[in-house]
């Protein structure tokens, strides 16, 4: 009883602090400042001592009023939840720079007689990305479903096609664990596959990403200076974000647990650190998460549930089939989410598990059943007819051709990286396209897609673990 009272008091304090933070403009955000989310509170730890909100990350360097912090919000673990986007829309009547037409709207220009449509950003937290179809691809691409009228636009002079793709902003935190920059890796201008060059190459990639984001998303007329790019990158690289408190389990660093961002800031990393296929000479350990193992014998059922969910994530067998980028095999969640206590892939191994597939067109019954568990946003559907290479003859219906829009290769259709799993509770919806409304849908998708055969109790335990990350 006493423990429960202490927890409730701590949660109440967190909620009060978070409410105050919404209305106060501050020059710095203290380390481990708790921001309320539906599971408890999330926080960020900076090796600089606090989050300085006066630097270039928070400055408008373009023409539309946006800064990096427009889409990388401290209260959302440096990401952007759909709930936050809608709240900003309601508060500003859609006048906030977040709702710039260039990529906040479903199309950059409205049809004659119609207002700009921001429904995908408001409902699913999705930003539009216009990607050109590469020259001489191994496939042809056509839009078989074009709900907004700009799915695939052909330049009348050059003949170049531009596809409208809709993706979630990737959190600007925990970047020291990256294996590629951006979901499709398009900002990885220097490879992140060698321990010897990782740190220098990561800085190069992140500066390139900051440059492109300022010129693109912020519509800058001049590029940011090298000093401004460096300031953005240094700010980001100092950050680690994670769930700090749970309404049900209390302090996630209590009783020998290692939840929260402070411990995360001490976690070691190098490319391939726990690769399932032995990259860089490592031996794979499927027990990639050890944050809550001490809670397996806890007298608190909520803490035991989190620990049991971690155990399921590490050890429950699943069947990997028809995944572009992997051979058919038996594995666990950590076969792909292998970075210890972080959860992304420790090497740049983009995969396609089917989260962008259309249930209306899908012929693989396992993928169709998995996608049917999701709340798929209303997006264009592209038909990809592969004409060359080892996948010649294959047809894929997808809302996101993935890495194939960079390489032009059929083997890259739909492929993208697995994202870092920390701070999940603060930044719904999930998957790169916002197709999972909540973590229950995430678990249900994986249960179907990889034939996990989870019981209802195991699903609840896995959800509890994911909420505690």
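Max-minus-min Cα coordinates of the stretch 220-346 on each principal axis give 57, 40, 28 Å, with the largest extent listed first. Among 292, 148, sorting on how many other beta-carbon atoms sit within 10 Å of each Cβ, with the fewest leading, yields 148, 292. When the scattering of the stretch 277-349 is computed by the Debye formula from its Cα atoms alone, each counted once and equally, what is log10 I(q)/I(0) at q = 0.18, 0.23, 0.24 Å⁻¹? Per q value, in the given order, log10 I(q)/I(0) is -0.74, -1.03, -1.09. The Cα center of the stretch 184-254 and the Cα center of the stretch 99-156 differ in position by 26 Å. Equivalent ellipsoid of the stretch 226-280: semi-axes from √(5λ) of the C-alpha gyration tensor, largest first, are 27, 22, 8 Å. Orientation-averaged projection of the stretch 151-305 equals 13.8 nm² [convex hull of Cα atoms, one quarter of hull surface area]. The alpha carbons of the stretch 273-401 give a radius of gyration and a Dmax of 18.0, 60 Å, in that order. Scaled against 2.2 N^0.38 Å for its residue count N, the alpha carbon radius of gyration of the stretch 108-158 is 1.38.
So what is the relative contact order of the stretch 100-214, in percent, for Cα pairs below 8 Å that sit 6 or more residues apart? Working shown, then result.
Working: 127 pairs, mean separation 20.3, N = 115.
So the answer I get is 18 percent.
Could you compute Rg(Cα) / (2.2 N^0.38 Å) for the stretch 356-469, with N its residue count?
That works out to 1.16 for the stretch 356-469.
Ignoring everything except DSSP H segments at least 4 long, calculate the 222 nm mean residue ellipticity for the chain; use -39,500 (n - 2.57) per segment, divide by total residues, nearest 500. Value at 222 nm, helices only, nearest 500: -8000 deg cm²/dmol.
In Å, what Kirkwood hydrodynamic radius results for the stretch 128-193 from the alpha-carbon pair distances?
Working: mean 1/r = 0.0697 Å⁻¹.
Result for the stretch 128-193 stands at 14.4 Å.
Scaling against 2.2 N^0.38 Å puts the C-alpha radius of gyration of the stretch 323-384 at 1.31. In the stretch 382-433 the Cα-Cα distances spread across 10 Å bins starting at 0 as 23, 41, 22, 12, 1 percent of all pairs.
Contact order normalised by length for the stretch 292-449, with contacts defined as Cα pairs under 8 Å and 6 or more residues apart; what percent is it? Don't jump to the answer; show the numbers that get you there.
Details: 253 pairs, mean separation 32.0, N = 158.
About 20 percent, as a whole number.
Here the stretch 167-213 is treated as an ellipsoid with the same Cα gyration tensor; its semi-axes, largest first and in whole Å, are 17, 11, 10. Taking the chain, how much of its Cα-Cα pair set, in percent, is spaced more than 29 angstrom apart? Cα-Cα pairs in the chain separated by more than 29 Å: 48 percent. Only alpha carbons enter this Debye calculation for the stretch 356-396, each as an equal point scatterer, and the log10 of I(q)/I(0) it gives at q = 0.27 Å⁻¹ is -0.96.
Apply the a/c threshold of 1.5 to the C-alpha gyration tensor of the stretch 88-237 and tell me whether it is rounded, prolate or oblate.
Working: a/c = 2.07, a/b = 1.37, b/c = 1.51.
The shape class here is oblate.
Based on C-alpha pairs under 8 angstrom that are at least 6 apart in sequence, the chain has a relative contact order of 19 percent.
FYI, it's all coordinate maths here, none of it is from the lab. Computed from a predicted structure; not experimentally measured. Ideal geometry is used to build each Cβ from the backbone, glycine not excepted, and the neighbour counts take in all protein chains shown.
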